[in-house]
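What follows is one structure encoded as structure tokens, with my remarks underneath.
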Amino acid sequence: MPTLASDDAFAEVKAKVDLVKVVQEHVRLTKRNKDYWGLCPFHQEDSPSFHVNPQRQSWYCFGCERKGDVFTFVELIEKTDKRGALLMLAERAGVELKQLNPAQKERADTKKRVLAMLKLAAQYYEYVLWKSPAGDPGRKLLESRHVGEETARKFQLGYAPAGRGFAEYLRAKKRSLMEAQDAGLMRRDGTDFFAERLVIPIRDERGQVLAFTARTVRQDEQRKYINSPETSAYIKGRVVFGLDLARDEIARRGHATVMEGQFDVITAHQFGVTNTVASSGTALTEEQVRLLKRFTDELLLVFDSDRAGREASRKASVLAAQNSMRTRVIAVPGAKDPDEFLRAAGPDAVERWEELVAKAPSGFEAGMAEDAAGLNPSNPNQVERVASRLREWIREFPSSLREGYAEAAERHTGISRHLLLQEQPEPSRPVRPTTNGLPPLRRPGAGKLTASGYLMQLLAVRPVAFDCVRTRLTAEELDPDDRSIFTRMLGSYDRGGPSGLEVDLADYPPEEQNLIRRAWAAPPPNVDDEVAVELTERIRLDHMKGMHSGIIRELSEAERGRDSERVARLETEARELARAITDMERRS
Ligand SMILES: [Zn+2]
């Protein structure tokens with residue numbers, strides 16, 4: 001058995017893995033003669049300059065001039081070091097290495113155990129759904145959704161019965177219950193985390209079960225869906241639901257259909273739209289876009305038609321464009337979601353769907369139509385408002401696309417493309433609210449105004465908002481620059497009430513006086529308690545995310561130092577924090 005650091009180890013692993021296959025998991029390669037070409041994953045480009053030579057097992061990018069072998073590729077793409085790359089590739093090649101870093105070995109082992117446990121659980125749930133009387137509620141739910149057994153089995157749907165069924169199953173198999181707890185399947189008392197729910201495995205693009213999402217069958221249950229916690233096997237936002245089943249059809253049709261919910265995807269497959277995937281409970285992330293880009297250049301976005309769905313669709317369009325992908329947007333007519341639409345269409349589902357696909361505007365056009373809706377060209381105020389919205393919308397896309405988009409917007413609205421491409425908008429520009437009703441955090445000429453900075457302005461204008469802010473936020477959670485003014489203003493409020501700030505202002509340091517006077521002269525657009533509360537939540541979330549990345553940095557340090565105790569402690573901290581962040585994001 002080669003030791004980890006020895007040259008033998010590198011040689012043996014290199015002999016067993018194929019660079020082309022490894023690269024293909026991240027880059028879509030096209031064969032030309034004996035070589036392969038693709039878009040470089042390490043720099044932004046539109047035409048392929050990334051070249052793989054299978055004979056020499058080497059790669060080279062003519063654009064950014066990075067190059068190397070399979071180890072350097074994995075190092076760069078997985079953001080790991082040489083040893084990390086060796087570990088990953090050794091595992092894949094089935095080469096056993098001894099003398100691993102104990103912490104790393106433990107992590108690899110834990111992950112392996114979690115994956116094995118998830119696989120077992122999926123088999124158990126599937127068995128219960130089809131073969132046990134206890135699976136009856138699950139089968140009824142599927143029936144009501146018109147999902148047949150064939151489709152359900154493709155997705156390996158299952159049912160978790162009430163009580164401790166899975167624990168008993170594990171006991172009979174002489175398996176540890178602890179492992180099931182680690183895998184997020186069981187509570188400490190042995191009850192099933194997903195009890196009385198239809199269980200949907202979340203699998204990676206190779207079909208490996210990484211987690212579950214589960215829909216309740218009870219009418220009285222408030223939480224319709226619950227998800228596995230993040231584990232060593234599952235990181236939210238990295239998996240694309242349904243990709244293992246859809247990947248071939250995506251390649252064949254040249255686009256992927258992206259829906260919001262897992263059930264939408266299952267119904268879509270049931271009705272023959274089999275290139276469908278879902279982002280799985282989050283907005284589409286950069287990592288998911290990159291994953292999809294390995295299979296296609298075009299995403300067909302099918303999100304709910306409510307405000308949140310439209311915003312998600314806009315964000316996804318921009319994200320895709322930033323990764324040189326095209327998007328089209330489908331609005332499902334006369335139904336609240338694609339699931340309902342397809343079920344209503346029944347046997348004509350594929351045909352009706354194709355009609356929608358054929359009419360679907362691009363992601364940019366869909367946003368443009370929305371921004372320009374109801375425009376009356378003879379009303380100058382309206383024209384200016386629409387122009388400013390479109391200007392912002394165009395500016396979200398990569399600069400290479402903007403001119404073409406401005407032209408399209410000119411055709412659609414009659415507003416001059418020059419006006420739409422103008423860099424400096426007029427100061428009177430109206431503010432466009434973002435998803436949660438807050439205006440974008442910018443002030444002219446001063447770059448981005450942070451949530452923390454916004455809150456300081458708000459408190460200067462409306463000191464009574466301290467009543468709802470002070471219990472939710474501590475000064476430490478604010479940007480460092482804002483901590484002292486926060487504490488000082490709170491002191492003034494405590495002493496003098498709403499007018500305390502005016503009384504004390506002369507004693508404030510000059511830069512703080514400035515800030516407050518500026519806020520008084522030009523208050524931020526929305527000043528009320530509700531906005532204050534939203535801001536505190538945003539600030540706390542940012543603060544927690546900052547702490548989380550701090551811990552992750554510390555974690556890699558601890559791993560390098562082989563300090564397994566510290567690693568374990570930090571991992572726990574990171575996990576708890578990640579959970580708190582997810583909770584908070586879900587609530588907001
Ligand atoms: Zn490159």
Only residues that are more than 14 Å from the ligand (Cβ to nearest atom) and at pLDDT 90 or above: list them for the stretch 71-88, please. 71, 74
Given the structure, is residue 247 in a helix (DSSP H, G or I) and among the basic types (Lys, Arg)? yes
Failed criterion for residue 553 (all others in (1) over 30 Å from residue 233 (Cβ atoms); (2) exposed (fewer than 12 other Cβ atoms within 10 Å of the Cβ) hold): (1)
Of the conditions (1) modelled with pLDDT of 90 or more; (2) acidic (Asp, Glu); (3) more than 22 Å from residue 368 (Cα to Cα), the single one that residue 339 does not satisfy is (1)
Residue 391 vs. criteria touching a Leu at 6+ places or on another chain (Cβ under 6 Å), buried (at least 19 other Cβ atoms within 10 Å of the Cβ) and part of a strand (DSSP E or B): no
For the stretch 488-509, does any single residue satisfy the condition of being in contact with a Leu (Cβ under 6 Å, 6 or more places away or on another chain), in a helix (DSSP H, G or I) and either open to solvent by 60 Å² or more (accessible area, probe 1.4 Å) or not aliphatic (A, V, I, L, M) (or both)? yes
Considering only the stretch 206-225, state which residues are open to solvent by less than 70 Å² (accessible area, probe 1.4 Å), at pLDDT 90 or above and closer than 23 Å to residue 139 by Cα. 209, 211, 212, 213, 214, 215, 216, 217
Exactly one of (1) at pLDDT below 90; (2) under 43 Å from the mean Cα position of the chain (by Cα); (3) farther than 23 Å from residue 540 by Cα is unmet by residue 492. Its number? (1)
Is it fair to say residue 46 is at pLDDT below 85, open to solvent by 30 Å² or more (accessible area, probe 1.4 Å), more than 26 Å from residue 244 (Cα to Cα) and within 16 Å of the ligand (Cβ to nearest atom)? yes
Given the condition touching a His at 6+ places or on another chain (Cβ under 7 Å) and away from the ligand (no atom under 14 Å from the Cβ), answer yes or no: does some residue in the stretch 20-35 qualify? yes
Quick check on residue 16: is it within 24 Å of residue 398 (Cβ to Cβ) and more than 15 Å from the ligand (Cβ to nearest atom)? no
Is it the case that some residue within the stretch 61-70 is away from the ligand (no atom under 16 Å from the Cβ) and open to solvent by 60 Å² or more (accessible area, probe 1.4 Å)? no
Would you mind stating whether residue 299 is modelled with pLDDT of 95 or more and either among the charged types (D, E, K, R) or under 16 Å from the mean Cα position of the chain (by Cα) (or both)? yes
Hey, any hits in the stretch 176-196 for a residue that's within 30 Å of residue 294 (Cβ to Cβ) and surrounded by fewer than 17 Cβ atoms within 10 Å (Cβ to Cβ)? no
Which condition number does residue 76 fail, the rest of (1) part of a helix (DSSP H, G or I); (2) over 28 Å from residue 239 (Cβ atoms); (3) not acidic (Asp, Glu) being met? (2)
Testing residue 341 on (1) outside any loop (DSSP other than H, G, I, E, B); (2) touching a Lys or Arg at 6+ places or on another chain (Cβ under 7 Å), one condition comes back false. Which one is that? (2)
Which residue out of 196, 205 is acidic (Asp, Glu) and under 30 Å from residue 26 (Cβ atoms)? 205
Out of 131, 105, sole residue that is away from the ligand (no atom under 16 Å from the Cβ), more than 30 Å from residue 296 (Cα to Cα) and at pLDDT 85 or above: 131
Within the bounds of the stretch 513-522, is there any residue that is open to solvent by 20 Å² or more (accessible area, probe 1.4 Å) and of a type in the set (Phe, Trp, Tyr)? yes
For the stretch 27-43, how many residues meet the condition of being out of contact with any Gly (no Cβ under 9 Å at 6 or more places or on another chain), modelled with pLDDT under 90 and closer than 24 Å to residue 288 by Cα? 1
List pairs: first in the stretch 139-162 and free of Cβ contacts under 8 Å to residues at least 12 places away in the same chain, second open to solvent by 10 Å² or more (accessible area, probe 1.4 Å), Cβ under 9 Å, 6+ apart or cross-chain? 150/270
Expected single match for in contact with a helix residue (DSSP H, G or I) (Cβ under 6 Å, 6 or more places away or on another chain) and away from the ligand (no atom under 16 Å from the Cβ) among 93, 121 is 93
The stretch 351-383: number of residues that are open to solvent by 40 Å² or more (accessible area, probe 1.4 Å), of a type in the set (Asp, Glu) and either under 22 Å from residue 315 (Cβ atoms) or not in a helix (DSSP H, G or I) (or both): 2
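The values are calculated or read from the model by the stated rules, or taken from the named source; none is laboratory data. The shown structure was predicted, so the numbers you read here are calculated from the model rather than taken from an experiment. Cβ atoms come from the backbone with ideal geometry, glycine included; neighbour counts cover every protein chain shown. For the accessible areas, the whole protein counts, side chains as well, though only heavy atoms, and no ligand, DNA or RNA atoms are used. Shrake-Rupley method; radii C 1.70, N 1.55, O 1.52, S 1.80 Å.
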